[in-house]
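Working notes, structure below.
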Amino acid sequence: MPMTPHPTEDIQDAKVLMTLETYWRALAVSRRLPARTQVDPRDIDQALPYSMILEEVCSGIARIRVAGQKVASRFDFDTRGMTLGALFAPEAAPRLQELTAEAFARPALVSAPLTMGGELLLLPLEDRFGAPTRALCGVSFGTADGLLAFDPEQPLRIVPVDEALQNKRPTQRPALRLVVNNA
């Protein structure tokens, strides 16, 4: 029988993903894409238990480098080094590969609804060479029990990084401007 979380946990799950996305956008203010080295766990302490850092292994496949406590305790095993697909039901594999490839290749912000009110959020990051091979990932579990699955009834949100960060880039202003003309 699936366990139903306390209502405040549902609110917490929603706040976690908003916190991660807001943090990611803030990191990208002066950059096209935030770098993995910019991510400071102290800045996302409330979201940290639901977060992961992913590394692209090949197109559509990402390995979990670091995972928060809620992620590890949810599956009763240490998820470090495993592929993200290990957290999902086998039938979810093709869609997960498509979404993961989209996040890294385009790169794009990807938000995918999971069954039972959960959600997966993929936020691409640059590696030390400037390539989008890392991602800040957040997961809210909703009331689902067991392996994760996508909700086919709910729409995906895939936003290319250029569009996602369009409003966050500083506008170009001239370095100098005429204040007083004494001529």
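The values are calculated or read from the model by the stated rules, or taken from the named source; none is laboratory data. This structure is a prediction, so every number in the text was calculated from the model and none was measured. Cβ sites come from the backbone with ideal geometry, for glycine too, and all protein chains shown count toward neighbours. Calculation scope for accessible area: heavy atoms of the full protein, side chains included, ligands and nucleic acids excluded. Shrake-Rupley method; radii C 1.70, N 1.55, O 1.52, S 1.80 Å.
Would you point out which residue out of Ala47, Ala26, Ala35, Ala14 is open to solvent by 20 Å² or more (accessible area, probe 1.4 Å), of a type in the set (A, V, I, L, M, F, W, C), modelled with pLDDT of 90 or more and under 14 Å from the mean Cα position of the chain (by Cα)? Walk me through it before giving the result.
Numbers: Ala47 fails: open to solvent by 20 Å² or more (accessible area, probe 1.4 Å); Ala35 fails: open to solvent by 20 Å² or more (accessible area, probe 1.4 Å); Ala14 fails: modelled with pLDDT of 90 or more.
One residue alone meets the criteria, Ala26.
Restricting attention to region 115-135, does a residue exist that is open to solvent by 30 Å² or more (accessible area, probe 1.4 Å), under 21 Å from Pro155 (Cβ atoms) and out of contact with any Ser or Thr (no Cβ under 7 Å at 6 or more places or on another chain)?
Yes, that holds for at least one residue.
Does Gly68 count as surrounded by fewer than 20 Cβ atoms within 10 Å (Cβ to Cβ) and in contact with a strand residue (DSSP E or B) (Cβ under 7 Å, 6 or more places away or on another chain)? Break it down into steps so the answer makes sense when it comes.
On the way: surrounded by fewer than 20 Cβ atoms within 10 Å (Cβ to Cβ): no; in contact with a strand residue (DSSP E or B) (Cβ under 7 Å, 6 or more places away or on another chain): yes.
Spelling it out, it is not the case that Gly68 is surrounded by fewer than 20 Cβ atoms within 10 Å (Cβ to Cβ) and in contact with a strand residue (DSSP E or B) (Cβ under 7 Å, 6 or more places away or on another chain).
Determine, yes or no, whether Thr19 is surrounded by 16 or more Cβ atoms within 10 Å (Cβ to Cβ), part of a helix (DSSP H, G or I), hydroxyl-bearing (Ser, Thr, Tyr) and at pLDDT below 95. I'd like the intermediate steps shown before the answer.
Details: surrounded by 16 or more Cβ atoms within 10 Å (Cβ to Cβ): yes; part of a helix (DSSP H, G or I): yes; hydroxyl-bearing (Ser, Thr, Tyr): yes; at pLDDT below 95: yes.
The answer is yes for Thr19.
I'm trying to understand the selection: among the residues of region 72-113, which are of a type in the set (Ser, Thr, Tyr) and farther than 16 Å from Glu56 by Cβ? Walk me through how you get there before you give the answer.
Applying the first criterion (of a type in the set (Ser, Thr, Tyr)) to region 72-113 yields 73, 79, 83, 100, 111.
Once the filter is applied, which keeps residues that are of a type in the set (Ser, Thr, Tyr) and farther than 16 Å from Glu56 by Cβ, region 72-113 yields Ser73, Thr79, Ser111.
Can you tell me how many residues in region 86-114 are closer than 13 Å to Met52 by Cβ and open to solvent by 20 Å² or more (accessible area, probe 1.4 Å)?
Here the count works out to 1.
Hey, can you tell me all the residues within region 71-82 that are buried (at least 18 other Cβ atoms within 10 Å of the Cβ) and within 17 Å of the chain's Cα centre (by Cα)?
Val71, Thr79
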